[in-house]
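Data block below; observations after.
The values are calculated or read from the model by the stated rules, or taken from the named source; none is laboratory data. Values in this document were obtained by computation on a predicted structure and should not be read as measured data. As a convention, Cβ positions derive from the backbone with ideal geometry for all residues, glycine included, and neighbour counts pool all protein chains shown. Please note that ligands, DNA and RNA were not included when accessible areas were found on the heavy atoms of the full protein model with its side chains. Shrake-Rupley method; radii C 1.70, N 1.55, O 1.52, S 1.80 Å.
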Amino acid sequence: MAGEDRQTYTQSVFNVEREPRRPRRSGGSIIEPAREIPVFDEVDVLVIGGGPAGTAAATASARLGARTMLVERYNHLGGLATGGLVIWIDRMTDWDGNLLLRGFCEEVLDRLPEDAILGPERNLWGSRDERHVDYWSNRFSAHHGTVTWAPMIDPERLKIASDDLAREAGADLVMHAWATAPIMEDGRIKGAILHSKQGRHAVLASVVVDTTGDGDIFVGAGEAAEDDIQDGSIHHTMNTAWLFGGLEIPKWLDFKMTEKPAFSAFTALARDRFNQFSLPMPAWRDDVAVFMGPRLSGFSAVDLEDLNQVEHLSRQRMQGLLSFYREHAPGFENAWVMLTGPQIGVRHSRRMRGLSRMTGAEWKAGIRHADEIGVSPSLAPKFAPVSIPYRALVARGVPNLLAAGRHMSSDAQTHTFMREIPQCWVTGHAAGAAAALAANGRVDVADINIVELQAALLKQGAHLRVSDRKKGEN
């Protein structure tokens, strides 16, 4: 699940006893008779998956004049930021307070009304004043002694803002449809098979952007995937998140910030009682908190049995934590379960092995890529902002396929922050613009003019460093 501070939660990974798998009367196979599948539509750019990356991609593509369709299996856009209840939008500023993650990121958050977003005022971004750092660290917007822009948002209002931006751009949104397989011909992807209440249908496209999060389309198209993880990291874990309502967050923060011995005793009791510890994250209003844990380790996001076990185990822990917090946590006396996420919280499953691969060695060395399509905040003040290369979105073997979002091409360490919601908005924005340029110019996605792509992104509000490259750029 995107949006968790690597320093705070490294220890909060739980290996749980798995339930035995149900015996299945499986074996053998059946033959599905050949049949004609009706073509639902033919477009220039087909974006599959309406999470942060997909929403940004469809919006950017449509704005460049490409006939664009966005397919989403749920009834809303926003993915884990909305349906997954990852309502904490991780750091968008550098360690001096400069807003780096811009373009679609900035635009969609600016669409939220004042009562749907909560974070530090702009004049505090980059502040190292201890009073502000202490307060905002308890609202998860200050890290490494610095106030950052990492707001909490109302997921329902983000759904509306995402939908509005994509539709206003001219994208065709097709929800309640699951893209089940790519359509391949002579090594190219021609579109995808959709399944919905109307049955099966095909959508044909010149360029396809995989923003499924799990790489369902690029894997089906034959592209190689990586799935290695960093041991002990939270970034491979899974769980279903939830919201508690009926809270008094100021009372909870006062307890946490001013009654240190009592708070330490509380956390010790929680660990003893549950063999786990999950802190609530104050939400966009002071009567709501989100729990993006306990984070369950050892499960696969592409295994049906595992997905079902994680849902069950998450809800079991939710009930236990609700009772515990009601009894022991000031401000939680009247807590109730407001919502469990309709989308399971997947942090990692597959990563595409693209034309380029973002690596820790490169960004730690401050490498700036000539095909930069975005800039991410670094993990700590000792590192420079991270250059995001276009080639990390480009498939190796399929010439008209792009992949953006948490399954873009990177090593396991880089994935820990490139999977976050704002970074997915950025890579989706770039993939959508690139797909439109390729479709409009009738060229393969690897052959588009990078300068033209960067100009298009800049025009749409993205932050790039194309005019001030320094020695050491790639």
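Before moving on, here are some points about what is shown:
- Of residues in the stretch 287-326 being hydroxyl-bearing (S, T, Y) and open to solvent by 20 Å² or more (accessible area, probe 1.4 Å), the one modelled with the highest pLDDT: S323
- Among the criteria (1) under 25 Å from Y135 (Cβ atoms); (2) open to solvent by less than 20 Å² (accessible area, probe 1.4 Å); (3) touching a strand residue (DSSP E or B) at 6+ places or on another chain (Cβ under 7 Å); (4) hydrophobic (A, V, I, L, M, F, W, C), the one W284 does not fulfil is (2).
- From the options A435, A392, A456, A439, residue that is at negative phi, within 18 Å of the chain's Cα centre (by Cα), buried (at least 19 other Cβ atoms within 10 Å of the Cβ) and small (G, A, S): A392
Residue-by-condition table, conditions (1) among the aliphatic types (A, V, I, L, M); (2) touching a Leu at 6+ places or on another chain (Cβ under 9 Å):
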site: A283; (1), (2): yes, yes
site: G293; (1), (2): no, yes
site: D303; (1), (2): no, no
site: H348; (1), (2): no, no
site: P385; (1), (2): no, yes
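- Residue selection: L85 satisfies the criterion of being over 30 Å from D44 (Cβ atoms), touching a Pro at 6+ places or on another chain (Cβ under 7 Å) and touching a residue at least 24 places away in the same chain (Cβ under 8 Å).
- Looking across the stretch 26-78, just one residue is surrounded by fewer than 20 Cβ atoms within 10 Å (Cβ to Cβ), assigned to a strand (DSSP E or B) and of a type in the set (V, I, T), and that is V39.
- Only one entry in R139, R122 is surrounded by fewer than 21 Cβ atoms within 10 Å (Cβ to Cβ), in contact with a Leu (Cβ under 9 Å, 6 or more places away or on another chain) and within 27 Å of S387 (Cα to Cα), namely R122.
- The set of residues from the stretch 260-284 being under 28 Å from D90 (Cβ atoms) and among the hydrophobic types (A, V, I, L, M, F, W, C) comprises F263, F266, A270, F274, F277, L279, M281, A283, W284.
- Among the residues making up the stretch 95-119, those that are assigned to a helix (DSSP H, G or I) and surrounded by fewer than 19 Cβ atoms within 10 Å (Cβ to Cβ) are E106, E107, D110, E114, D115.
- Screening the candidates Q423, Q413 for the property of being of a type outside the set (D, E, K, R), assigned to a helix (DSSP H, G or I), surrounded by fewer than 21 Cβ atoms within 10 Å (Cβ to Cβ) and touching a helix residue (DSSP H, G or I) at 6+ places or on another chain (Cβ under 8 Å) yields one hit, Q413.
- Strands (runs of 3 or more DSSP E) wholly inside the stretch 120-218 containing at least 3 residues that are among the aliphatic types (A, V, I, L, M) and in contact (Cβ under 8 Å) with a residue 60 or more places away in the chain: 172-175, 188-196, 199-210
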